[in-house]
Amino acid sequence: MRKTDTVRIDLHCHSTASDGTDTPAELVAAAHRAGLDALAITDHDTTAGWAEAAAALPPGLRLVRGAELTCVSPDGRGGWCTIHLLAYLFDPQAEAVVAEHARTRAERRTRLHTMATRMAADGYPVDADTLLGDLPADVPAGRPHLAQALVRAGVVESVDQAFAELLHGRNHYHVPSHKTLAVDAIDMTKAAGGVTVLAHGFAHRRGPTVSAEVIGDMAAAGLDGVEVDHPDHDPEARARLRALADRHDLIVTGSSDYHGTNKTVRLGAETTDPAMLAELVSRASGAGLLVGS
Ligand code: AMP
Ligand code: FE
Ligand code: FE
Ligand code: ZN
């Protein structure tokens, strides 16, 4: 058993089951190579990668099964704001969960098709039908998939450049989606035996963020934790979130938000305290923690 201070836990990672570039099996192998003790698989709107990750789990590596949900919330200033919720250890067969994932996956395909069609109409060398046709039906379509197509077509040099210049939320190619209310996603996850953590809540570079009061409201509505240590959080954002976690008795997590080569961040770049993972597990009654043997 390693000493507690050397236990390394990364609770937010994507695979090819959504918009990452490592297969679930490659993801857990990479986590083992990176010296991680626990890893969460948190693909957008799907649990499709869970089984492969579990089957390939290297000895001793613990797997936290989860998903990342795109939601909408009041922003605390009279408007609305997109937020991401990490849902962990919920029952993947719960009816509401299955229905919500199916709804968002279908909508994601329509949305990406519209974005690609708008770009093609402006002369960009992308074909919406080919893009969606090449993407397996159960993979939630995301802007990184369109970004990759733009890289392949030589329009941009990297996924990052595609986001910076063409795919960001303020560009007219961007299509918003119909999102579930954060409080409803919190309820749904809890009813399925899972726990929820607000992902990258104060990542200002990504766009508008919610106020501190809204995070308090979410805590009152059953939110279990906040992702504090995230690559998109500056020191001030981390300090403010840590203080909020303290005030509202929220679990504090740290994670890389690894997407393979779709992002530059490495696995384990940010980590979670083992005591926080233990608390998260103790609150869950849906899917248990798996340990590789
Ligand atoms: P979507 O789910 O279609 O709205 O796309 C959002 C996804 O794109 C998220 O998973 C982000 O991690 C990813 N993303 C956002 N900005 C960037 C960026 N600059 N470079 C690479 N991926 C990004
Ligand atoms: Fe993503
Ligand atoms: Fe996210
Ligand atoms: Zn993510």
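The values are calculated or read from the model by the stated rules, or taken from the named source; none is laboratory data. Keep in mind that this is a model prediction, so the values were computed, not measured. A quick note on method: Cβ atoms are made from the backbone with ideal geometry, for glycine too, and the neighbour counts reach across all protein chains shown.
Tabulated results
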{"read-out": "Close pairs from segment 128-145: first closer than 24 Å to residue 98 by Cα and in the same structural domain as residue 159 (by TED's automatic domain parsing), partner away from ligand 1 (no atom under 13 Å from the Cβ) and part of a loop (DSSP other than H, G, I, E, B), Cβ under 6 Å, at least 6 apart", "value": "138/48"}
{"read-out": "Test: residue in segment 220-230 that is more than 26 Å from residue 187 (Cα to Cα) and within 16 Å of ligand 3 (Cβ to nearest atom)", "value": "no"}
{"read-out": "Filtered residues of segment 43-70 (kept if assigned to a loop (DSSP other than H, G, I, E, B) and either within 16 Å of ligand 4 (Cβ to nearest atom) or outside the structural domain of residue 184 (by TED's automatic domain parsing) (or both))", "value": "45, 46, 47, 48, 49"}
{"read-out": "Conditions (1) more than 20 Å from residue 67 (Cα to Cα); (2) without any contact (Cβ under 8 Å) to a residue 24 or more places away in the chain; (3) assigned to a helix (DSSP H, G or I): number failed by residue 278", "value": "(1)"}
{"read-out": "Residue that is surrounded by the most Cβ atoms within 10 Å (Cβ to Cβ) [pool: residues in segment 93-127 that are in the same structural domain as residue 22 (by TED's automatic domain parsing) and assigned to a loop (DSSP other than H, G, I, E, B)]", "value": "94"}
{"read-out": "Members of segment 71-85 found to be surrounded by 16 or more Cβ atoms within 10 Å (Cβ to Cβ) and in a strand (DSSP E or B), listed by number", "value": "71, 72, 73, 74, 81, 82, 83, 84, 85"}
{"read-out": "Close pairs (9 angstrom Cβ cut-off, 6 or more residues apart or separate chains): more than 11 Å from residue 244 (Cα to Cα) in segment 200-222, among the basic types (Lys, Arg) and within 16 Å of ligand 4 (Cβ to nearest atom) anywhere", "value": "200/206"}
{"read-out": "Selection count where residues are closer than 20 Å to residue 288 by Cα and away from ligand 2 (no atom under 16 Å from the Cβ), scope segment 10-31", "value": "3"}
{"read-out": "Unmet criterion (only one of (1) away from ligand 2 (no atom under 16 Å from the Cβ); (2) under 22 Å from residue 90 (Cα atoms); (3) among the aromatic types (Phe, Trp, Tyr)) for residue 258", "value": "(1)"}
{"read-out": "The one condition in (1) part of a loop (DSSP other than H, G, I, E, B); (2) modelled with pLDDT under 95; (3) within 15 Å of ligand 3 (Cβ to nearest atom) that residue 205 fails to fulfil", "value": "(1)"}
{"read-out": "Among the candidates 196, 264, residue that is within 14 Å of ligand 1 (Cβ to nearest atom) and of a type in the set (S, T, N, Q)", "value": "264"}
{"read-out": "Qualifying positions in segment 122-173 - over 19 Å from residue 263 (Cα atoms) and among the polar types (S, T, N, Q)", "value": "130, 171"}
{"read-out": "Search result, residues across segment 199-235 that are crowded, with 16+ Cβ neighbours inside 10 Å, more than 16 Å from ligand 1 (Cβ to nearest atom) and of a type in the set (D, E, K, R)", "value": "217, 224, 229"}
{"read-out": "Residue, farthest from residue 9 (Cα to Cα), within segment 236-261, restricted to residues that are more than 16 Å from ligand 1 (Cβ to nearest atom) and part of a loop (DSSP other than H, G, I, E, B)", "value": "249"}
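So that you can scan it fast, the table gives a plain yes or no per residue for (1) within 15 Å of ligand 3 (Cβ to nearest atom); (2) closer than 16 Å to residue 88 by Cβ:
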residue	(1), (2)
235	no, no
242	no, no
251	no, yes
270	yes, no
279	no, yes
284	no, yes
